[in-house]
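Nothing in this text is a laboratory measurement; each read-out follows from the coordinates by a stated rule. A quick note: this is a predicted structure, and the numbers were derived from the prediction, not measured. Using ideal geometry, Cβ is built from the backbone for each residue, glycine included, and neighbour counts are taken over all protein chains shown.
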Amino acid sequence: MLYHVTIAGRTVAVDLAEDRITIDGTAVGSAELLPLSSTGVHHLIADGHSHAMLAHASAPGTWDLHIAGRRLTAEVVDERTRAIRAMTRASTGPVGPRPVKAPMPGLVVRIDVVAGDAVRAGQGVLIMEAMKMENELKADVSGVVARVLAQPGQAVEKGAVLIEFETPKPDPVDPDAAGQQDG
């Protein structure tokens with residue numbers, strides 16, 4: 001299984017195969033992580049050397065590590081999660097409602113919006129199954145659903161546009177009502 005581990009701004013690829021371990025393509029000897037107790041203390045045994053460390057999951061995929069008096073934060077993601085993040089990461093380009101696209105081939109399981117619905121940034125709009133896992137796809141920015149181009153049970157390819165948005169139009173101001181106050 002391939003993981004990408006980021007510590008102090010440096011990311012390395014760690015491949016944990018059944019019979020070997022490689023870090024950034026370089027084979028390393030054996031490694032084993034053994035818990036000492038339910039306190040979070042572990043022994044990392046690598047190439048016959050033991051390193052005591054305290055490991056605590058602070059968030060999914062994020063670990064706080066205390067090794068030899070140093071505190072480090074490690075982010076660990078598998079190849080699939082890394083690919084999904086790369087495809088869904090916000091761009092620095094123009095801000096506007098981008099369509100929701102399939103991050104990989106899969107099956108549309110559920111659609112949570114219809115044309116005309118107002119959505120906020122980060123709101124889940126569709127559930128898609130890929131590689132035997134359900135993934136919630138979310139709106140990048142606030143907007144209004146313009147068109148739903150998929151339906152439950154539909155198989156879709158990577159990059160297929162599933163939902164399109166339009167920018168919400170501001171409510172027109174009634175000039176006669178603008179100056180009135182409740183009395």
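Tabulated data for the structure shown
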{"read-out": "Length released on extending from ARG120 to THR81, taking residue separation times 0.36 nm less the Cα-Cα span", "value": "11.7 nm"}
{"read-out": "Rough spin-label spacing in nm, given labels placed 7 Å along Cα→Cβ, for LEU65 and GLN151", "value": "5.0 nm"}
{"read-out": "GNM flexibility winner over the chain from ILE84, ILE111, ILE67 (Cα, springs under 10 Å)", "value": "ILE67"}
{"read-out": "Table column - 3J(HN,Hα) (Hz), segment 148-154, Karplus curve with 6.51, -1.76, 1.60, x for Gly and Pro", "value": "9, 9, 10, 9, x, x, 7"}
{"read-out": "Computed FRET value (nearest 0.05) for GLU136 with THR22, which takes r as the C-beta separation and R₀ as 41 Å", "value": "0.80"}
{"read-out": "Within segment 43-62, backbone nitrogen closer than 12 Å to the virtual label 7 Å beyond the Cα of GLU32 toward Cβ", "value": "43-50"}
{"read-out": "Listed values (i) 48, 39, 34; (ii) 81, 47, 32; (iii) 68, 30, 29, entry calculated as Cα extents along the principal axes in Å", "value": "(ii)"}
{"read-out": "Neighbour net charge for ALA74 - beta-carbon separation under 13 angstrom, K R +1, D E -1", "value": "+1"}
{"read-out": "Cα-based Lys pair tally, the chain, threshold under 17 Å, eight or more apart or on separate chains", "value": "4"}
{"read-out": "Cα centroid separation, segment 49-76 to segment 101-162 (Å)", "value": "35 Å"}
{"read-out": "Average Cα contact separation per residue, the chain, under 8 Å, 6 or more apart, as relative contact order %", "value": "15 percent"}
{"read-out": "Segment 1-110, dipole about Cα centre (Lys/Arg Cβ +1, Asp/Glu Cβ -1), debye to the nearest 20", "value": "740 debye"}
